[in-house]
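The structure appears right after this line, and notes come after that.
The values are calculated or read from the model by the stated rules, or taken from the named source; none is laboratory data. All values reported here derive from a predicted model rather than from experimental measurement. Neighbour counts are summed over all protein chains in view; Cβ atoms, including those assigned to glycine, are modelled from backbone coordinates with ideal geometry. These area figures cover heavy atoms from the full protein model, side chains too; ligands, DNA and RNA do not enter into them. Shrake-Rupley method; radii C 1.70, N 1.55, O 1.52, S 1.80 Å.
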Amino acid sequence: MSMTITEKILARHANVDQVLPGDLIDVNVDMALANDITAPLAIKVFKEIGTHSVFDPEKIALIPDHFVPNKDIESAEQAKVMREFAYQHQIKHYYEIGQSGIEHVILPDKGLVIPGDLVIGADSHTCTYGALGAFSTGVGSTDLGVIMATGKTWLKVPPTIKLNYEGNLLPWVEGKDLILYTLHELGINGANYHALEFSGTVIKGLSMAQRFTMANMAVEAGAKNGIIEPDEITLAYVAQRSSRSPFVCTTDPDADYEKVIEIGVDKIEPQIAFPHSPDNVRPLSQVGNITLDQVFIGSCTNGRLEDLRKAAMILKGRTVANGTRLIVIPGSQLIYGEAIKEGIIQTLIDAGAVIGPPSCGPCLGGHLGVLAESERALSTSNRNFIGRMGHPKSEVYLASPVVAAASAILGRIGSPDEI
Amino acid sequence: MKIEGKVWKFGDNVDTDLIIPAKFLNVSDKDKLAKNCFAYLRPDFINTINHGDIIVAGENFGYGSSREHAPLAIKSAGISVIVAESFARIFYRNAFNIGLPILESEEAYLSIREGDQVSVDLSTGEIEDKDISKIFFARPIPDFMREIVDAGGLVEYIKKKGLTDDRCV
Ligand code: SF4
């Protein structure tokens, strides 16, 4: 019987020939992931279970990225719990700051996820790896603690919604705009418990960086996973980074989707998500005059080299507006180094940007750029809930890196065409 | 098991940043988390409620991050059960895993008012609002999840089943 790509990967990891939406299955996990916030709780659970060793020290990734370099004593203690566990259990993929970065940027970049893998992370944006044609989803710490002990977990097979993008993109329109537009169409509840399959000729034309951006925000519609069938672009990306052979699979032509949504992209402008929800989206031309105290370019959504390169292209020879602060945070140490080599960092500094150390930074309002009462920020990240980046009365708008760069120059939300 | 308490009512899409803002996630101690439960939405929630009280909410409760700190904070603050129209996926799973009972019922959400005295029977899914004298039935919990709740959470479930040795869940 026919299956979607999500169903095929799940069936393979459950060691069965066929799965159907709604089936409860036990699966083997190829990579289990946690960060400095979620790992300490998962480690506690692991200890309560009473096993003495992890299921496989090569299949666990522990990444310090949320509150690093540590912002206070408490966060330093949390990072220490994770570090000591990593040393004790000889976790291969523990990356200390200096070799690290944001979990969802470095796992693909270090070749730790390849097509066909099943990845479970104690972080909701684990869905990012769907861009590689892998099944990946977020869970909480208890689930992850159990996985660290057993290498297995249970999943309910999700029905799939297919999103078919066709047409030609307007100037300055990127993966970020497509996913914001899609969130507006679906609503933040629109894909709850579902798989989202991004397809169509437009997706085939996107770079890996832009595909990661789209898969990253699948969870913002409530989806369990977002996935893109692997193609030459995926395989070229993976071949440079991993020596494992990928399990490349695609959806059967007559597979059952719960729904197919056609999205014509010809008229889609750059999109902006207004406070306080990522589906509260308007086209750039209908934004009006929104002045900005801060612009943040970074995060697991848009902190990749291509994102920084595009921002630098816009900012080259220009300066950030008076009264606006620009914070740029490269997604990983590797990206930081490349951005220096390419002259991107110099361009950004000359324009007046401050560069933060590779980490989540202000994305979750923890440190490195927290907002004061009634301040307004434009961010390239994925969430703009109340208080997400600081004071509960601050406002966060979401957009792509090119719009963010142009807006930093204008001091208000605007288009690269206006500068 | 029957639970009875006063209702605290919330709307749709209560996200995990509202349940516990990220700046309070630098600890994993459940009592410290409980202190900051709903820090922005209902400051001092922990001292406002009585142990055993009940949350009734709209759609998509627990939307957003995977932080298990969210259901932990609610449970440790003293809430005994959440009745919502629906839950976000990861929150749903986390709540069961840590042994915080949750039930889904649209009618209950629409009818029950803040401050009402409500009793919930976890084994039958019966929800009774004593102030308006109405009874609602929650959607049945899948058998598999029931076993986890009955065991008191995923860790206990794993231990009880003695599955640690052969490493198979
Ligand atoms: S960058 Fe933001 S969304 Fe991504 S993992 Fe870090 S805190 Fe979460």
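Of all residues in the range B:15-27, those that are more than 7 Å from chain A (Cβ to nearest Cβ) have Cβ atoms under 6 Å from Cβ atoms of residues that are open to solvent by 20 Å² or more (accessible area, probe 1.4 Å), 6 or more apart or on another chain, in B:Ile20/B:Asn36; B:Phe24/B:Asn36. Being modelled with pLDDT under 95 and surrounded by fewer than 24 Cβ atoms within 10 Å (Cβ to Cβ), is that true of even one residue in the range B:2-14? Yes, because at least one residue in the range B:2-14 is modelled with pLDDT under 95 and surrounded by fewer than 24 Cβ atoms within 10 Å (Cβ to Cβ).
One residue stands out among those in the range A:24-47 that are of a type in the set (Asp, Glu) and more than 16 Å from the ligand (Cβ to nearest atom): the one that is most open to solvent (accessible area, probe 1.4 Å), which is A:Asp26.
For the range A:249-259, indicate whether the set of residues that are assigned to a strand (DSSP E or B) and either of a type outside the set (D, E, K, R) or more than 16 Å from the ligand (Cβ to nearest atom) (or both) is non-empty. Among the residues of the range A:249-259, at least one is assigned to a strand (DSSP E or B) and either of a type outside the set (D, E, K, R) or more than 16 Å from the ligand (Cβ to nearest atom) (or both), which makes the answer yes.
Taking the criterion of being within 16 Å of the ligand (Cβ to nearest atom), within 27 Å of A:His276 (Cβ to Cβ), crowded, with 23+ Cβ neighbours inside 10 Å and among the aliphatic types (A, V, I, L, M), the residues of the range A:316-363 that qualify are A:Val328, A:Ile329.
The set of residues in the range B:103-128 being touching a residue at least 24 places away in the same chain (Cβ under 8 Å) and open to solvent by less than 20 Å² (accessible area, probe 1.4 Å) consists of B:Leu103, B:Ser105, B:Ala108, B:Ile112, B:Asp116, B:Val118, B:Ser119, B:Val120, B:Ile127. From the set of residues in the range A:360-397 that are part of a loop (DSSP other than H, G, I, E, B), more than 13 Å from chain B (Cβ to nearest Cβ) and among the small types (Gly, Ala, Ser), which is farthest from the chain's Cα centre (by Cα)? Step by step, filter the range A:360-397, then rank; the result is A:Ser374. If you go through the range A:86-101 and keep only what is open to solvent by 30 Å² or more (accessible area, probe 1.4 Å) and either within 16 Å of the ligand (Cβ to nearest atom) or closer than 26 Å to A:Ile9 by Cβ (or both), you end up with A:Lys92, A:Tyr95, A:Ile97. The single condition among (1) touching a strand residue (DSSP E or B) at 6+ places or on another chain (Cβ under 6 Å); (2) not in a strand (DSSP E or B) that A:Thr128 does not satisfy is (1). Across the range B:42-60, a minimum of one residue is classified as surrounded by 18 or more Cβ atoms within 10 Å (Cβ to Cβ) and within 10 Å of chain A (Cβ to nearest Cβ). Considering every residue within the range A:398-414, establish whether at least one is outside any helix (DSSP H, G or I), β-branched (Val, Ile, Thr) and either under 20 Å from the mean Cα position of the chain (by Cα) or over 15 Å from A:Val320 (Cβ atoms) (or both). Among the residues of the range A:398-414, not one is outside any helix (DSSP H, G or I), β-branched (Val, Ile, Thr) and either under 20 Å from the mean Cα position of the chain (by Cα) or over 15 Å from A:Val320 (Cβ atoms) (or both), which makes the answer no.
Filtering the range A:364-396 to residues that are aliphatic (A, V, I, L, M), more than 9 Å from the ligand (Cβ to nearest atom) and open to solvent by less than 30 Å² (accessible area, probe 1.4 Å) leaves A:Leu371, A:Ala377, A:Leu378, A:Met389, A:Val396. What do you reckon, is A:Val113 within 13 Å of the ligand (Cβ to nearest atom), outside any strand (DSSP E or B) and buried (at least 24 other Cβ atoms within 10 Å of the Cβ)? No; evaluated as a whole, the condition is false for this residue. For the range A:201-212, indicate whether the set of residues that are under 30 Å from B:Leu25 (Cβ atoms) and within 14 Å of chain B (Cβ to nearest Cβ) is non-empty. Within the range A:201-212, none of the residues are under 30 Å from B:Leu25 (Cβ atoms) and within 14 Å of chain B (Cβ to nearest Cβ). Identification of helices (runs of 4 or more DSSP H) wholly contained in the range A:141-226 with 2 or more residues that are at negative phi and open to solvent by 10 Å² or more (accessible area, probe 1.4 Å) yields A:175-186, A:201-204, A:208-216. Taken over the range B:146-159, the criterion of being of a type in the set (A, V, I, L, M) and within 12 Å of B:Ile98 (Cα to Cα) is satisfied by B:Ile148, B:Val149, B:Ala151, B:Leu154, B:Val155. Applying a threshold of 9 Å to beta carbon distances and a minimum spacing of six or more residues, or different chains, the list of pairs starting in the range A:400-419 at a residue that is under 15 Å from A:Leu308 (Cβ atoms) and ending at one that is open to solvent by less than 10 Å² (accessible area, probe 1.4 Å) and modelled with pLDDT under 95 is empty.
Going by the structure shown, is B:Phe38 of a type in the set (Phe, Trp, Tyr) and within 13 Å of the chain's Cα centre (by Cα)? When the stated conditions are applied, B:Phe38 does not pass them.
Go through the range A:48-81 and report how many residues are among the basic types (Lys, Arg) and more than 16 Å from the ligand (Cβ to nearest atom).
Count: 2.
Right, A:Val146: within 14 Å of chain B (Cβ to nearest Cβ) and under 17 Å from A:Thr251 (Cβ atoms) or not?
Working: within 14 Å of chain B (Cβ to nearest Cβ): yes; under 17 Å from A:Thr251 (Cβ atoms): no.
The answer is no for A:Val146.
Return the only residue of A:His66, A:His104 being open to solvent by 10 Å² or more (accessible area, probe 1.4 Å), touching a helix residue (DSSP H, G or I) at 6+ places or on another chain (Cβ under 9 Å) and closer than 27 Å to A:Gly175 by Cβ. Let's see the steps before the verdict.
Numbers: A:His104 fails: open to solvent by 10 Å² or more (accessible area, probe 1.4 Å).
From the options A:His66, A:His104, the qualifying one is A:His66.
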